[in-house]
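Below: the structure, in structure tokens.
Please treat every number below as a calculation from the coordinates, not as lab data. Here the structure is a predicted model, which means the values were calculated and not measured. All Cβ positions, glycine included, derive from the backbone under ideal geometry; neighbour counts span all protein chains shown.
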Amino acid sequence: MSVVTRFAPSPTGFLHIGGARTALFNWLYARHCGGRFLLRIEDTDRARSTDEAKAAILDGLAWLGLDWDGDVVYQSERAAIHAAAAQALLDKGLAYRCYASPDELTAMREEARSAGRARLYDGRWRDRDPSEAPAGVDPVIRLKAPLEGETVIADAVQGEVRVANDQLDDMVLLRADGSPTYMLSVVVDDHDMGVTQIIRGDDHLTNSFRQTLLYRALGWESPKFAHIPLIHGPDGAKMSKRHGALGVEAYRDMGFLPEAVRNYLLRLGWSHGDEEVISTEQAIEWFDLDAIGRSPSRFDMAKLSNLNGHYIREAEDARLVEAVAPFLAALGVEAGAVCRARLEAGMAGLKERAKTLIELAESAAFYCRARPLPLSDKAASLLDGEAPAILAGCLGHLEAVGDWSAEPLEAAVRAFAAAGDLKLGKVAQPLRAALTGSNASPGIFEVMAVLGRDESLARIADHAG
RNA sequence: GACCCCAUCGUCUAGCCAGGUCCAGGACGUCACCCUUUCAAGGUGAAGACACGGGUUCAAAUCCCGUUGGGGUCACCA
């Protein structure tokens, strides 16, 4: 049987990092198996679902490069089908109407809690005759769950997990207003969509027992489960917005490349020996459920950054010029034609030094700024003292260079330094400050070559005295 | 509180299922050195872990039990 996986987010917020990993694992597993990866939007909570959130999720998946098969399924559109399933259960005597009031439920729950019982609903309408129904009360429909025995799920990650059925009470299938609950909707949808393998967060593990009961009542074969451990914040506690529980678009805005995020997320909870840098093609070939770890992991921005630096260095220069443009714009630098040409020429030296596109933009901006260049504090101090005189002297040597490329330029500056008995750094650092406005940059001979003769000489002259 | 899950360097992890080849390997981070016109990148090296306690065994990071710690779930939310 062909594998079918799905990602089923509820559109109540952005695609956060944990959801992104869940989607990635589902996508990888489907691609690995040559199966299908489906997308279902669980928008049955009308009050909390928004179109913005839905768009954010779709955008996030697209940015990560996770494409789904077929049309997006909207759970809200299937309410009638869900209700029909509940009705079928009712007809077969596998579900029943419950007229308990909210107050009764609260009281029951409190009593069960204080008595240390797990079953919160006591099943008071389970075997009651319908004729006893109070007038004017719309009932909910509950599943008639088994009272004894145990429910076992064979989880691909967690192994065999079992729970006694007396821990599970009769869950609500249909609300008083006739709308289906999550538990019913998920089971019916997964079944109808032909899902064979559910891969989702560990927080759903206990739901699986109830869902298994539902599958059984409906007479359907249960899909396989794989509950992946959750991602925690750096402090081991739940992810908060301060450290990682952001939407994937936040990572995009922080200057991370999608392949870096993908690679990082992949290695969080999954491994293939000592492999660290894994291409998506390789991941599809290697990915399997049995290599998913069982323990939760912590989100580590430093490792993501390191990986991002790797992928930036590996990226095509032209792509980076495109990608860095919005970040330059955020710095108030417009990437015009001259700028782009310089960036492309200088990208090899630039990308070595950046861990994010923001850093790349910051270090690339000098190529695009017009004179006079803004100077950092450190650059300003490099231009103090005897620096103007040195620059003035160097300028003469530079003007004589015919072939304006890195090697002859280096030769000229070295010759100038040697003639004046100066260490190379004595000349190079002021040059760097004058050319880039900074004390840190790509090699200055490369910078001069990229900037071109006129611009380079002008920038140096600005500070020569 | 009840139920369920988890437990190797600071972090991600390999090893565990099929005990010996592990005084535990890799990566990130940290530190040092090298390279060097700066900053990176790169290279070399260092510090750094089997949560604890019992058992089983000739032998345990690996199997079993307990403890402790962490996490998850307990809605007419999803």
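Is region A:232-339 best put as rounded, prolate or oblate by its Cα gyration tensor, with a ≥ b ≥ c the root eigenvalues, rounded for a/c under 1.5, and otherwise prolate when a/b is larger than b/c, oblate when not? The partial results should precede the final answer.
Details: a/c = 3.24, a/b = 1.55, b/c = 2.09.
It comes out oblate by the Cα gyration axes.
Taken over the alpha carbons of region A:147-186 as equal point scatterers, the Debye sum produces base-10 log I(q)/I(0) values at 0.35 Å⁻¹ of -1.01. Farthest toward the dipole's positive end in region A:365-465, which of A:ALA380, A:ALA428, A:ILE390, given Cβ charges of +1 (Lys, Arg) and -1 (Asp, Glu) about the Cα centre? So the residue we want is A:ALA380.
Amide H contacts of A:ILE198: A:LYS224, A:PHE225, A:ALA226, each under 5 Å away and 5 or more positions distant or on a separate chain (H built 1.01 Å from N in the peptide plane; Pro and chain starts excluded). For region A:106-114, 3J(HN,Hα) computed residue by residue from phi via the Karplus equation (6.51, -1.76, 1.60; θ = phi - 60°) reads 4, 4, 4, 5, 4, 5, 4, 4, 5 Hz, glycine and proline entered as x.
Amide H contacts of A:LEU39: A:PHE7, A:ASP69, A:VAL73, each under 5 Å away and 5 or more positions distant or on a separate chain (H built 1.01 Å from N in the peptide plane; Pro and chain starts excluded). With R₀ set to 45 Å, the beta-carbon distance separating A:ARG319 from A:ASP103 gives a calculated FRET efficiency near 0.15. Which of rounded, prolate, oblate describes region A:365-465, given a ≥ b ≥ c as roots of the alpha-carbon gyration tensor eigenvalues and a/c under 1.5 marking rounded, otherwise prolate only if a/b is larger than b/c? Oblate shape, in that a/c is at least 1.5 and b/c is the bigger or equal ratio.
Sorted by packing (mean other beta-carbon atoms within 10 Å per residue), highest first, where do A:76-85, A:227-236 land?
Details: A:76-85: 16.2, A:227-236: 17.9.
The peptides rank, most packed first, as A:227-236, A:76-85.
Working ranking of peptides A:123-136, A:174-187, A:295-308 by packing, defined as the average number of other Cβ atoms within 10 Å per residue, highest first, is A:174-187, A:295-308, A:123-136. Computed extension length for A:THR206-A:ASP177: 7.8 nm, one decimal, from 0.36 nm per residue of separation with the Cα-Cα distance subtracted. Summed over qualifying helices (DSSP H, 4 residues or more, each -39500 (n - 2.57)) and divided by its residue number, chain A shows a 222 nm mean residue ellipticity of -15000 deg cm²/dmol. For region A:270-278, 3J(HN,Hα) computed residue by residue from phi via the Karplus equation (6.51, -1.76, 1.60; θ = phi - 60°) reads 9, 8, 9, x, 9, 5, 10, 9, 10 Hz, glycine and proline entered as x.
Scalar couplings 3J(HN,Hα) for region A:364-369, obtained by applying the Karplus form with A = 6.51, B = -1.76, C = 1.60 to θ = phi - 60°, are 8, 4, 4, 5, 9, 7 Hz; x denotes Gly and Pro. Computed about its Cα centre, the charge dipole of region A:360-413 is approximately 240 debye, with only Lys, Arg, Asp and Glu carrying charge at their Cβ. Taking chain A, the Cys residues with no second Cys beta-carbon under 4.7 angstrom are A:CYS33, A:CYS98, A:CYS394. Computed about its Cα centre, the charge dipole of chain A is approximately 560 debye, with only Lys, Arg, Asp and Glu carrying charge at their Cβ.
Work out the FRET efficiency for A:ASP384 and A:GLU52 from their Cβ-Cβ distance, taking R0 = 30 Å, and round it to the nearest 0.05.
Working: r = 53 Å, r/R0 = 1.75.
The value I calculate is 0.05.
Judged by the ratio a/c of the largest to the smallest principal axis of the C-alpha gyration tensor, chain A counts as prolate, that ratio being 1.5 or greater while a/b is larger than b/c. Computed about the Cα centre, the dipole magnitude for region A:204-324 is approximately 860 debye when only Lys and Arg (+1) and Asp and Glu (-1) carry charge, each at its Cβ.
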